[in-house]
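Visitor: There's a structure below that I have some questions on.
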Amino acid sequence: MNTTLKGDIFEKRVFDLINDLLKNEEYFLSGKNSKIFSKKKSIQNNKKQRNLKSMTWVLAYVTYLPKFKGKSNYLFVAIDRCTRAMIYWVYENKTSENTDDFMGRCLAFFGSH
């Protein structure tokens, strides 16, 4: 078994584990208020300006934050499980516009890692 396949199997197991923990309310984030997403992405090597064949998993979370000064906020987080690079953004509302904004930020951020 090659290392890429081993990594893919590991990432799938991590995703399934976190997903199960969220469903069973056993994770540090509330499963009722959180969702987990995974998406394969190409890694681009900026020095050589070419796409590598290897792939990695990006996990994305959306969860409620505790109320602060009477206001609720939403935490959007995306983590590249291979490089451990992470981006997060706090929004006042969980809307499709904010989701699109966050995904744009993720694409800009992870495109450089």
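The values are calculated or read from the model by the stated rules, or taken from the named source; none is laboratory data. This is a predicted model, so every value here is computed, not measured. Using ideal geometry, Cβ is built from the backbone for each residue, glycine included, and neighbour counts are taken over all protein chains shown.
Visitor: Name the single residue, out of those in segment 49-91 being hydroxyl-bearing (S, T, Y), surrounded by 18 or more Cβ atoms within 10 Å (Cβ to Cβ) and at pLDDT 75 or above, that is nearest to the chain's Cα centre (by Cα).
Guide: Filtering segment 49-91 for residues that are hydroxyl-bearing (S, T, Y), surrounded by 18 or more Cβ atoms within 10 Å (Cβ to Cβ) and at pLDDT 75 or above, the one nearest to the chain's Cα centre (by Cα) comes out as Y61.
Visitor: Is it the case that segment 16-32 has a residue that's modelled with pLDDT of 80 or more, of a type in the set (A, V, I, L, M, F, W, C) and under 14 Å from the mean Cα position of the chain (by Cα)?
Guide: Yes: segment 16-32 contains one or more residues that are modelled with pLDDT of 80 or more, of a type in the set (A, V, I, L, M, F, W, C) and under 14 Å from the mean Cα position of the chain (by Cα).
Visitor: Filtering segment 1-20 down to residues that are in a helix (DSSP H, G or I) and polar (S, T, N, Q), which residue is surrounded by the fewest Cβ atoms within 10 Å (Cβ to Cβ)?
Guide: Among those that are in a helix (DSSP H, G or I) and polar (S, T, N, Q), it is T3.
Visitor: Looking at segment 87-110, which of the residues that are part of a helix (DSSP H, G or I) and hydrophobic (A, V, I, L, M, F, W, C) is nearest to G70 (Cα to Cα)?
Guide: The residue in question is F102.
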